[in-house]
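Single-structure report; data block below.
The values are calculated or read from the model by the stated rules, or taken from the named source; none is laboratory data. Note that this is a predicted model, so its numbers are computed, not measured. Here the Cβ positions follow ideal geometry from the backbone for every residue, glycine too, while neighbour counts run over all protein chains shown. Surface accessibility is based on the protein's heavy atoms, side chains included, excluding ligands, DNA and RNA. Shrake-Rupley method; radii C 1.70, N 1.55, O 1.52, S 1.80 Å.
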Amino acid sequence: MDSHVRSRVSAYAIVTVQDQLLLTQLSDASPVFEPGLWHLPGGGIDPGEQPRETPARELYEETGLELLGARLADARAYTATRLGISWNLVGLFCIVGLEPGPPTVTKADDSTSAVTWMPLSGLEDSVLSPAAIDGLGMITK
């Protein structure tokens, strides 16, 4: 394996309510995927953190919403190069339920610049991260 490739394991939340998908917009601080793309709430599993804990933490940081429950739906692998770093990313995808409430980014100066509900119909791949495209496919099968 190339010693210049960094590995990362991330957990992503797939959240739908009334034919809408909860998405976050990547900021310039995004380590793996391009800024401006719409992405699933989620991120890297912190050292010592259990994978089941990551979606709850990330959801709160990126959307201000509380996780009610989650189930593992799938896992996917990605390669990407961003800011001169080659990445090997493994994403764990969870279908989740949330406490109701308005979404708002709670962790400033991080990889998320915005959060919103988007209608499932009409979402275009060109505005989505590779992980969001895969997540969308997991719920529209």
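Under a 5 Å amide H cut-off, with hydrogens placed 1.01 Å from N, L37 pairs with L26 among residues at least 5 apart or on other chains.
Pick out which of Y78, Y12, Y60 has the largest mean-square fluctuation in a Gaussian network model of the chain, springs linking Cα atoms closer than 10 Å. Looking only at Y78, Y12, Y60, the biggest GNM fluctuation is shown by Y78.
Kindly express, to the nearest 10 degrees and within the range 0 to 90, the angle between helix 130-139's C-alpha long axis and the longest C-alpha principal axis of the chain. Result, in degrees: 40. To put it simply, the accessible area of the chain at a 1.4 Å probe is 51 percent carbon and sulfur. Solvent-accessible surface of the stretch 41-141, taken per residue with a 1.4 Å probe and all protein chains present: 53 Å².
Between the labelled values (i) 111; (ii) 143; (iii) 121, the entry that holds volume of the Cα convex hull per residue in Å³ as derived from this structure is (i).
Above 21 Å, the calculated P(r) of the stretch 61-141 contains 43 percent of its Cα-Cα pairs.
Take every Cα pair under 8 Å whose residues are at least 6 apart in sequence, average their separation, divide by the length of the stretch 46-141, and the relative contact order is 25 percent. Computed from the C-beta positions of D125 and V17, the FRET efficiency with R₀ = 22 Å rounds to 0.50. Axis of helix 54-63 versus longest Cα principal axis of the chain: the two differ by about 70°, to the nearest ten degrees. When the chain is treated as a Gaussian network with alpha carbon springs shorter than 10 Å, the biggest mean-square fluctuation among D19, D110, D28 belongs to D19. A Gaussian network model of the chain, with springs between Cα atoms under 10 Å, assigns the largest mean-square fluctuation among G43, G122, G97 to G122.
Dipole orientation for the chain: of the candidates S86, S129, V15, S86 has the Cα lying most toward the positive pole (charges on Cβ; Lys, Arg +1; Asp, Glu -1). Stretching the chain fully between T104 and T140 yields a gain of 10.4 nm (0.36 nm per residue, less the alpha carbon separation).
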